[in-house]
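To start, I am sharing the structure in question, which I have written as structure tokens.
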Amino acid sequence: MASIYLHIPFCKKRCIYCDFVSSTHDEMKRPYLETLCRELETRRDYLQNKTVETVYFGGGTPSQLNVEEFEKIFHALSAFALRPAPEITMEANPDDLTATYVDSIRHLPFNRVSVGVQSFDDKELKFLHRRHTAETAAKAVERLQEKGFTNIGIDLMYGLPEQNEIGWRDTLRKAKSLSVRHISAYHLTYEENAPLYALLQHGQVRPAEEETSVRLFEILTEEMADAGFEHYEISNFALPGYRSKHNTSYWNGTHYLGVGAAAHSYNGRSRQWNVSSIAKYIESQTPENVEIIDEPTAYNDFILTRLRTREGVDLAKPTVPFGKEKTDYCLRQAQKYIENQCLERDGMRLRLTRKGIFVSDGIIRDLFFSA
Ligand code: SF4
């Protein structure tokens with residue numbers, strides 16, 4: 001079992017909070033896509049003919065590509081051992097999803113679309129420098145549904161400056177009314193390389209108070225549970241049968257090939273990642289960084305990925321082998337969190353409680369092993 005991630009680093013306009021590798025320079029698109037297809041060809045053996053269950057086009061903004069560009073990529077992907085009807089996701093920006101565009105991509109093998117909505121409040125969208133309105137976003141989702149896409153997810157953002165409970169509930173209720181199958185909700189972060197960080201440094205924005213963030217998260221979990229969504233990972237909610245198979249594969253330790261600038265790959269023994277500059281990637285596509293996965297790294301990866309999920313960490317079933325010493329270490333480190341009810345233990349399984357979710361970063365850090 002394996003997965004493929006393709007990074008499409010082009011955006012029509014940059015959002016104020018974003019530090020992803022992406023560019024508004026369209027002229028790089030053609031050489032970039034040629035390099036990406038070449039990378040798929042040269043790294044064909046990376047997955048050792050394992051069956052590819054999921055393919056994910058992320059960005060950037062994959063919906064900035066046209067049908068011909070996608071067709072070239074799908075042609076290059078056909079050299080891999082794709083299972084019949086693999087999950088193939090495309091990330092899309094609402095204002096790219098015009099009727100003509102959605103019609104044009106309908107015959108491509110995409111069977112899942114993840115729409116970057118972020119908010120259904122126009123003031124918030126403007127603040128984030130998104131290029132769509134709430135109405136455009138809702139129409140985009142409806143258009144996808146009209147054209148036969150059933151597996152649609154949307155991304156939302158909370159913890160925005162001045163966001164209040166009423167506004168957030170409105171956004172969530174609008175999201176629920178659209179009959180989407182999957183909702184991801186992330187707290188706004190202030191990334192050092194994003195323009196929003198400079199505003200923060202100059203005192204021009206005030207981050208949400210911790211108490212507000214906690215309350216917004218509570219509202220999120222209440223509203224999602226009320227609509228029958230399963231909270232299957234800290235930031236991810238799905239209707240039964242609609243978890244993202246691609247993201248789940250990362251958390252399960254599945255091998256994956258990542259192509260494109262800044263894309264990461266993992267084959268169980270090592271992790272590789274490509275240069276994060278688009279221009280340098282076009283010059284030389286070879287992954288420039290390699291990290292060998294030794295036993296402590298395997299253990300830390302296991303904790304980091306599994307603890308965020310609803311199933312939690314099952315120390316009896318590590319996805320990659322590590323010794324009893326690490327298992328004992330983990331249980332020792334976990335004890336204080338079990339006592340203060342941030343973690344619950346069931347046999348050899350550890351799970352975050354609702355209280356633990358709010359301090360999950362600290363718990364994960366504490367369970368990490370450092371030599
Ligand atoms: S958030 Fe998405 S659309 Fe906005 S600049 Fe970043 S990659 Fe592009």
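With the radius of gyration and the Kirkwood radius both derived from the Cα set of the range 1-131, what is their ratio Rg to Rh? Show your work: numbers first, answer last.
Working: Rg = 15.5 Å, Rh = 15.7 Å.
Across the range 1-131, the Cα-based Rg/Rh ratio is 0.99.
Can you flag which of 72/139; 147/176; 12/280; 139/176; 72/126 are past 24 Å Cα-Cα?
Distance filter (> 24 Å) returns 72/139; 72/126.
Based on the alpha-carbon gyration tensor of the range 189-271, what equivalent-ellipsoid semi-axes (square roots of 5 times the eigenvalues) come out, in whole Å, largest first?
Numbers: eigenvalues 176, 128, 17 Å².
The equivalent ellipsoid of the range 189-271 has semi-axes of 30, 25, 9 Å.
Once you have the alpha carbon radius of gyration of the range 283-371, what is it after dividing by 2.2 N^0.38 Å, with N set to its residue count?
Dividing the Cα radius of gyration by 2.2 N^0.38 Å gives 1.20.
Another question, if that's okay. Report the charge-dipole magnitude of the chain in Debye, nearest 20, computed about the Cα centre from +1 at each Lys and Arg Cβ and -1 at each Asp and Glu Cβ. Don't skip to the end; give the middle numbers.
Numbers: 46 positive and 52 negative charges, 122 e Å.
That gives the chain a dipole magnitude of about 580 debye.
Could you check the simple spin-label distance between residue 365 and residue 16, using points 7 Å along Cα→Cβ, in nm with one decimal?
2.8
With a 10 Å Cβ neighbour count serving as the proxy for reagent exposure, in which order, fewest first, do 24, 171, 100, 133 appear? Let's see the in-between values first.
On the way: 24 11, 171 25, 100 7, 133 16.
The fewest-first ordering by Cβ neighbours comes to 100, 24, 133, 171.
While we're on this one: In percent, how large is the relative contact order of the range 208-260, given Cα pairs closer than 8 Å and 6 or more residues apart?
On the way: 21 pairs, mean separation 8.2, N = 53.
Contact order relative to length: 16 percent.
Next up: Hey, what did the range 2-249 get for relative contact order, percent, Cα under 8 Å, at least 6 apart?
Values: 399 pairs, mean separation 46.8, N = 248.
Computed value for the range 2-249: 19 percent relative contact order.
What lysines sit close enough to residue 317 to cross-link, taking a C-alpha to C-alpha distance under 18 Å and skipping anything fewer than 8 places away on the same chain?
List returned: 326.
Same structure again: Loop only by DSSP, 13 or fewer other Cβ within 10 Å of the Cβ. Give me the GluC sites (Glu not before Pro) in the range 105-196 that pass, ordered by residue number. Before the final figure, lay out the partial values.
Numbers: sites: 124, 135, 142, 146, 162, 165, 191, 192; in loops: 162, 191, 192.
Hits after loop and neighbour filter: 162, 191, 192.
Along the Cα→Cβ direction, 7 angstrom out, place labels at residue 74 and residue 99. What is the inter-label distance in nm?
Modelled inter-label distance: 2.3 nm.
Give, in nm to one decimal, the length gained when the segment between residue 146 and residue 177 is fully stretched (0.36 nm per residue of separation minus the Cα-Cα distance). Numbers along the way, then the final one.
On the way: separation 31, 0.36 × 31 = 11.16 nm, distance 1.53 nm.
9.6 nm is the gain from fully extending residue 146 to residue 177.
If amide hydrogens are placed 1.01 Å from N in the peptide plane, which non-local residues have theirs closer than 5 Å to the one on residue 310?
233
I'd like the Karplus ³J(HN,Hα) series for the range 116-128: coefficients 6.51, -1.76, 1.60, θ = phi - 60°, whole numbers in Hz, and an x wherever there's a Gly or Pro.
After applying 6.51 cos²θ - 1.76 cosθ + 1.60, I find x, 8, 6, 7, 10, 10, 4, 5, 5, 4, 5, 4, 6 Hz.
May I ask you to evaluate 6.51 cos²θ - 1.76 cosθ + 1.60, the Karplus curve with θ = phi - 60°, for each residue of the range 9-14 and list the ³J(HN,Hα) values in order in whole Hz, giving x for glycine and proline?
Listing the rounded values in order: x, 10, 9, 6, 8, 8 Hz.
Can you give the translational diffusion coefficient of the chain in µm²/s, computed by Stokes-Einstein from the Kirkwood radius over Cα pairs at 10 °C and 1.306 mPa s? Each step should come with its number before you reach the end.
Numbers: Rh = 21.8 Å.
After rounding, the answer is 73 µm²/s.
What are the ³J(HN,Hα) values, in whole Hz, obtained from phi via the Karplus relation 6.51 cos²θ - 1.76 cosθ + 1.60 with θ = phi - 60°, for each residue of the range 291-299 in sequence order, with x given for Gly and Pro?
Coupling constants for the range 291-299: 10, 6, 8, 8, 4, x, 5, 4, 5 Hz.
Among 202, 132, 187, what is the fewest-to-most ranking by other Cβ atoms within 10 Å?
Details: 202 8, 132 21, 187 16.
The most exposed by this proxy come first: 202, 187, 132.
Any read-out appearing in this document is the output of simple, stated calculations on the displayed coordinates, not a laboratory observation. Just so we're clear, the structure is a prediction, and the values are computed from it rather than from any experiment. Counting neighbours? That spans all protein chains shown, and the Cβs are built from the backbone with ideal geometry, glycine included.
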